[in-house]
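See below for the structure under consideration.
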Amino acid sequence: MAFSLHFIYYTPLYYFTQTSMSHTIREKAKLLARVRRIRGQVEGLERALDAEKGCAEILHQIAAARGAINGLMAEVLEEHIRTHIADPAITSDAERTQGADELIDVLRAYIK
């Protein structure tokens with residue numbers, strides 16, 4: 001049986017490039033997959049409305065789309081907090097404050 005081992009050495013340069021990259025860029029494929037599923041749900045809702053489906057079916061599709069959007073929002077918010085506020089590598093109070101201010105602005109708009 002043949003196998004191989006691969007080692008990744010976490011050098012300071014590697015760590016810097018991995019942590020300095022925006023979390024939305026690092027998680028781009030996963031986030032885009034979520035957005036595409038949301039798009040499919042909204043298109044399904046549009047088709048149901050065009051087909052004059054019943055209100056219960058429409059409401060279920062709206063609830064599903066809203067849940068998917070809330071899930072996407074929660075995922076991006078969580079990573080924002082971890083990356084721009086709670087990361088112990090952030091040594092600048094100004095940088096941490098900026099991350100917190102961005103979060104507060106988003107939450108204010110979201111809660112409206």
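The values are calculated or read from the model by the stated rules, or taken from the named source; none is laboratory data. A quick note: this is a predicted structure, and the numbers were derived from the prediction, not measured. For the accessible areas, the whole protein counts, side chains as well, though only heavy atoms, and no ligand, DNA or RNA atoms are used. Shrake-Rupley method; radii C 1.70, N 1.55, O 1.52, S 1.80 Å.
Identify, please: which residue in the range 93-112 is at pLDDT below 90 and over 16 Å from GLU78 (Cα atoms) and is, among those, nearest to the chain's Cα centre (by Cα)?
Within the range 93-112, the subset at pLDDT below 90 is 110-112.
Subset that is over 16 Å from GLU78 (Cα atoms): 111-112.
Details: ILE111: 18, LYS112: 20 Å.
Per the criteria, the residue is ILE111.
Could you list, in sequence order, the residues of the range 83-109 that are open to solvent by less than 70 Å² (accessible area, probe 1.4 Å) and in a loop (DSSP other than H, G, I, E, B)?
Correct list: ILE85, ALA86, ASP87, ALA89, ILE90, SER92.
Could you identify the single residue in ALA51, ALA100, ALA33, ALA74 that is more than 22 Å from HIS23 (Cα to Cα) and of a type outside the set (Phe, Trp, Tyr)?
Just a single option satisfies the conditions, and that option is ALA51.
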